[in-house]
Amino acid sequence: MSAKAKTRQHIVEAAQKLFLQHGYSNMSVDDLARELGISKKTIYNHFSSKSELLMAGIEQFALEYQEKADAILNDVDLTLRQKVAAYLRFIGVSFANINQGFWTDIKRSEPDAWRKACEIRRDIPLKHFSQLMDEGVRVGYLRDDSSRHIAMLTYIAAIQQLTDLDFLNQFPESITSALSQELPERADQIVHLLLHGLLTPRFYNEGT
């Protein structure tokens, strides 16, 4: 990597950190320059605006997320069950530091970046869950019919909604308190419900 590319990456990483700590709207290029110990001119040599910095940060997050997720899903030493567990934990760790305030802020302030982030939150998990589902069919764990696609959409929608504070705040705490506070465990809860359901053996035994 060239010195220019390293400087650019260093700026993006520092901007990501400050955006998440202080919010996009509250962070200025002056703040970033102080954090890095460089001049604003140096930053503007690489990025024309704070908006461009935000977009670069989102794209960098997506690239790193995809590379690490691909490494999990393509690990030949892991069973399918282990891949699912590792991937779910990875999702939780990856998004744990991105609070709802950040999403709300960029949705209001930078709609283009917001749309890009929404595409990433949709497309990358869709790719990975498709890969896991295909492997599940191949090893005989899943039926090869449209049900698996419905299950995949249900899971992705559930993950997105149940990590959205605006959505959760519509419901009383007596209901939302059942959700784990940790995203990896919350993902596990959703998967367990999808795979095992809510019904007890009594339901299936009645009438037999």
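The values are calculated or read from the model by the stated rules, or taken from the named source; none is laboratory data. Note that this is a predicted model, so its numbers are computed, not measured. Glycine also receives a Cβ, built like all others from the backbone with ideal geometry; neighbour counts cover every protein chain displayed.
General observations
- Selection from region 166-208 of residues that are in contact (Cβ under 8 Å) with a residue 40 or more places away in the chain and of a type outside the set (A, V, I, L, M): 166, 182, 184, 185, 186, 188
- Any chance residue 112 is modelled with pLDDT of 90 or more, surrounded by 15 or more Cβ atoms within 10 Å (Cβ to Cβ) and farther than 26 Å from residue 74 by Cα: no
- Close pairs (9 angstrom Cβ cut-off, 6 or more residues apart or separate chains): in contact (Cβ under 8 Å) with a residue 12 or more places away in the chain and of a type in the set (Ser, Thr, Tyr) in region 101-114, buried (at least 16 other Cβ atoms within 10 Å of the Cβ) and in a helix (DSSP H, G or I) anywhere: 109/54
- Selection status of residue 117, under 13 Å from the mean Cα position of the chain (by Cα), of a type in the set (Gly, Ala, Ser), over 24 Å from residue 80 (Cβ atoms) and in a helix (DSSP H, G or I): yes
A quick yes/no check of all residues on (1) within 16 Å of residue 98 (Cβ to Cβ); (2) in contact with a Leu (Cβ under 9 Å, 6 or more places away or on another chain); (3) at pLDDT 95 or above:
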residue: 3; (1), (2), (3): no, no, no
residue: 6; (1), (2), (3): no, no, no
residue: 11; (1), (2), (3): no, yes, yes
residue: 19; (1), (2), (3): yes, yes, no
residue: 24; (1), (2), (3): yes, yes, no
residue: 27; (1), (2), (3): yes, yes, no
residue: 33; (1), (2), (3): no, no, yes
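Let's see how each residue does on (1) free of Cβ contacts under 8 Å to residues at least 12 places away in the same chain; (2) under 19 Å from the mean Cα position of the chain (by Cα); (3) on the phi > 0 side of the Ramachandran plot; (4) in the same structural domain as residue 129 (by TED's automatic domain parsing):
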site	(1), (2), (3), (4)
52	yes, no, no, no
64	yes, yes, no, yes
72	no, yes, no, yes
79	yes, no, no, yes
84	no, yes, no, yes
89	no, yes, no, yes
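- Residue within region 161-173 that is closer than 24 Å to residue 69 by Cα, assigned by TED's automatic domain parsing to the domain that holds residue 98 and not polar (S, T, N, Q) present: yes
- Filter result for residue 123 (modelled with pLDDT of 85 or more and either loosely packed, with under 13 Cβ neighbours inside 10 Å or within 19 Å of the chain's Cα centre (by Cα) (or both)): yes
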